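A.B. asks: Have a look at this one.
Values quoted throughout were computed directly from the atomic coordinates according to the rules given, and no laboratory measurement underlies them. Given the structure is predicted, the values throughout are model-derived calculations rather than measurements. For neighbour counting, all protein chains shown are included, and Cβ atoms are generated from backbone atoms with ideal geometry for every residue, glycine included.
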Number of protein chains: 2
Amino acid sequence: MFDKKRVEALSKGKQKWVRSLQLKKNRDAEALFVVEGEKSVLEGLSVFASRLEILVSIDAFLQQIPSQFQSKTFTVTTKELEQISELKTPNKCIAVFRRPELSLPTNEFTIVLDGIQDPGNMGTILRLADWFGVKQLVCSKDTVDCYNAKVIQSSMGAIYRIPVHYLDLAAYLTNSSQQKFGAMLNGKNYKQTAYPKDAILIMGNEGKGVRPEIEALIDFPVTIPRFGEAESLNVATATAILLAEIIQ
Amino acid sequence: MFDKKRVEALSKGKQKWVRSLQLKKNRDAEALFVVEGEKSVLEGLSVFASRLEILVSIDAFLQQIPSQFQSKTFTVTTKELEQISELKTPNKCIAVFRRPELSLPTNEFTIVLDGIQDPGNMGTILRLADWFGVKQLVCSKDTVDCYNAKVIQSSMGAIYRIPVHYLDLAAYLTNSSQQKFGAMLNGKNYKQTAYPKDAILIMGNEGKGVRPEIEALIDFPVTIPRFGEAESLNVATATAILLAEIIQ
């Protein structure tokens with residue numbers, strides 16, 4: 001059993017440190033990431049147990065934490081938690097994990113993101129990748145940070161399972177011998193296209209699409225036909241439609 | 001040409017009134033809705049011209065407003081606009097439109113939403129409907145208001161084109177002779193299903209799915225097969241995948 005009496009309060013210095021990890025440069029420097037919310041934290045304790053750095057909890061949540069994490073658990077008041085939380089809605093716990101070490105991307109099926117900016121879109125694409133069994137994402141360096149709090153929240157646990165590589169996209173694509181499919185407005189109907197098992201699927205920025213230097217590296221532009229009047233599809237929903245066609 | 005000198009400043013009373021429309025009960029009572037942001041406002045002026053009630057703009061945006069709307073346009077300072085805006089990111093203009101009158105739902109293909117709560121999901125589903133040429137949505141009465149600011153923002157103009165009916169869902173479905181397909185976790189593979197042109201597609205709440213009394217009215221439960229480890233799909237991405245299969 002979790003011995004509540006042996007759990008220490010989180011010091012002001014440590015509170016400040018957890019809060020400092022809201023900034024990308026700080027979490028990058030320490031190779032850490034922060035997870036908030038009961039469900040995601042408990043999932044992390046389950047699949048990333050050995051990577052837990054510190055677990056911050058309000059008293060009322062302590063009993064849900066497996067006792068093996070007691071030595072790494074510290075309590076805060078609800079008010080203190082609000083102050084170190086990055087999310088608007090109040091949570092019960094925050095966990096800091098060490099990031100997994102990334103090896104180079106493999107030659108499996110890969111989703112490439114070119115300049116995606118919205119954290120909700122990135123998180124939703126990670127969740128989709130996790131549903132469809134995609135093994136990795138490769139992103140341009142200006143794509144939103146996958147360890148952004150809103151990305152982690154909307155990824156619904158996918159952040160624990162899908163490695164996200166930030167690379168010089170043009171160099172990565174140039175050096176890859178995999179066939180490259182890109183979501184474009186003027187491509188071939190995506191349903192009339194054959195996709196090899198090890199395809200690369202390239203999705204562009206929300207407003208600007210795929211940038212010209214990346215577009216030049218696409219072998220097969222594909223398009224989702226439009227039947228109505230909307231100007232475009234949201235990038236996460238377009239990714240969903242393409243994945244459902246490619247992976248079946 | 002738009003004569004800037006003839007544009008009046010928006011009175012404090014009118015500012016308070018526009019702000020009051022952030023509350024559903026107030027915009028419902030007057031059958032109005034509020035649109036923010038350059039692109040959406042200009043699209044509304046184009047397709048909903050006769051429904052414009054009032055247009056609020058900062059000085060710098062006046063020149064982009066077609067002169068026919070001069071008598072309905074009022075200026076505010078940037079600070080005043082921030083105070084009456086519902087969005088975090090600053091905008092240049094706010095338009096108030098009268099809602100279109102709704103007739104009863106037709107017997108065409110229909111998306112039914114049972115208790116969708118997240119405005120971003122609702123807006124994204126509207127945008128999808130607009131892309132796929134869907135003519136109407138029917139929602140349970142506890143589904144998020146389609147005139148919520150975040151719904152309108154993420155609908156990207158679809159709110160002008162897609163009628164959204166809020167009805168007693170159980171009664172609507174019971175009285176409809178159309179075939180009813182519902183996204184469930186234990187249904188038939190959605191790709192091995194034939195959909196008539198006038199199908200009804202039912203999507204459930206983000207956390208709880210379709211509620212039991214509605215599930216009982218589904219003729220054909222359909223499921224998107226999972227290849228990875230995610231627990232579920234986001235409802236907007238699931239809608240995207242199903243629409244791309246049904247409408248082609």
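A.B. asks: For a quick check of your reading of the filter: which GluC sites (Glu not before Pro) in the range A:72-103 sit in a DSSP loop and have no more than 10 other Cβ atoms within 10 Å?
C.D. replies: A:GLU101
A.B. asks: Just to confirm the numbers: B:ASP3, label point 7 angstrom along the Cα-Cβ line, distances to the other copies in nm, shortest first?
C.D. replies: Those separations, rounded to one decimal, come out as 8.5 nm.
A.B. asks: Taking neighbour Cβ counts within 10 Å as the exposure measure, how do B:LEU10, A:LEU52 sort from fewest upward?
C.D. replies: Lowest to highest Cβ neighbour count: A:LEU52, B:LEU10.
A.B. asks: On full extension of the chain, what length is gained from B:GLN117 through B:ALA29, given 0.36 nm per residue of separation minus the C-alpha to C-alpha distance?
C.D. replies: Result for the pair: 29.5 nm of gain on full extension.
A.B. asks: How many angstrom separate the Cα center of the range A:228-248 from the Cα center of the range A:102-146?
C.D. replies: The two parts, judged by their Cα centres, are 15 Å apart.
A.B. asks: For A:GLU229, go 7 angstrom from Cα along the Cα-to-Cβ vector, then report the distances to that same point in the other copies in nm, smallest first.
C.D. replies: Those label-point separations list as 4.6 nm.
A.B. asks: Here's something else I'd like to know. Count charges around B:TYR195 for me, please; just the other residues with Cβ under 14 Å from its Cβ, Lys/Arg as +1, Asp/Glu as -1.
C.D. replies: Net of charged neighbours comes to 0.
A.B. asks: Follow-up question, since we're still on this one. Compute the Cα gyration tensor for the range B:21-83, then decide on rounded, prolate or oblate, letting a ≥ b ≥ c be the square roots of its eigenvalues: rounded whenever a/c is under 1.5, prolate when a/b is larger than b/c in the other cases, and oblate in all that remain.
C.D. replies: Since a/c reaches 1.5 but b/c is at least a/b, the shape of the range B:21-83 is classed as oblate.
A.B. asks: Right, another one. Could you work out how far the C-alpha centroid of the range A:155-204 sits from that of the range A:1-41, in angstrom?
C.D. replies: 34 Å
A.B. asks: Filter the trypsin sites (Lys or Arg not before Pro) in the range A:58-130 down to the DSSP loop ones having no more than 11 other Cβ atoms within 10 Å, then list what survives.
C.D. replies: Counting only loop positions with at most 11 other Cβ atoms within 10 Å, the trypsin sites (Lys or Arg not before Pro) in the range A:58-130 are A:LYS88.
A.B. asks: Quantify how strongly other chains surround peptide A:216-229 by giving the mean number of their Cβ atoms within 10 Å of each of its Cβ atoms.
C.D. replies: Across A:216-229, the average partner-chain Cβ count within 10 Å equals 3.
A.B. asks: On to the next question. Pairs of Cα atoms under 8 Å, at least six residues apart: use those to get the relative contact order of the range B:4-98, whole percent.
C.D. replies: Reported as a whole number, the value is 43 percent.
A.B. asks: On to the next question. For each of A:MET122, B:MET184, A:MET156, count neighbouring Cβ atoms within 10 Å of the residue's Cβ, then give the residues from fewest to most.
C.D. replies: Going from least to most buried by this count: B:MET184, A:MET156, A:MET122.
A.B. asks: Additional query: Provide a whole-number value for the mean count of partner chain Cβ atoms within 10 Å of the Cβ atoms in peptide B:128-141.
C.D. replies: Taking all residues of B:128-141 together, the mean is 3.
A.B. asks: Sequence gap at least 6, Cα distance under 8 Å: using those rules, report the relative contact order of chain A to the nearest whole percent.
C.D. replies: Relative contact order comes out at 19 percent.
A.B. asks: How far apart, in nanometres, would the label points at A:LYS141 and A:ASP59 be if each is projected 7 angstrom from Cα along the Cα-to-Cβ direction?
C.D. replies: Distance between the two pseudo-spin positions: 4.9 nm.
A.B. asks: Arrange A:LEU87, B:LEU42, B:LEU113 by Cβ neighbour counts within 10 Å, fewest through most, would you?
C.D. replies: With the sparsest Cβ surroundings first, the list reads A:LEU87, B:LEU42, B:LEU113.
A.B. asks: Set Lys and Arg Cβ to +1 and Asp and Glu Cβ to -1, take the dipole of the range B:10-75 about its Cα centre, and tell me which of B:PRO66, B:VAL41, B:TRP17 lies farthest positive.
C.D. replies: B:TRP17
A.B. asks: Something else now. Could you work out the helix-only [θ] at 222 nm for chain B, with each DSSP H run of four or more residues adding -39,500 (n - 2.57) and the total divided by the number of residues, to the nearest 500 deg cm²/dmol?
C.D. replies: That calculation yields -8500 deg cm²/dmol at 222 nm.
A.B. asks: Further question on the same structure: How high is the relative contact order of the range A:183-248, in percent, counting Cα pairs under 8 Å that sit 6 or more residues apart?
C.D. replies: It comes to 47 percent, rounded to a whole number.
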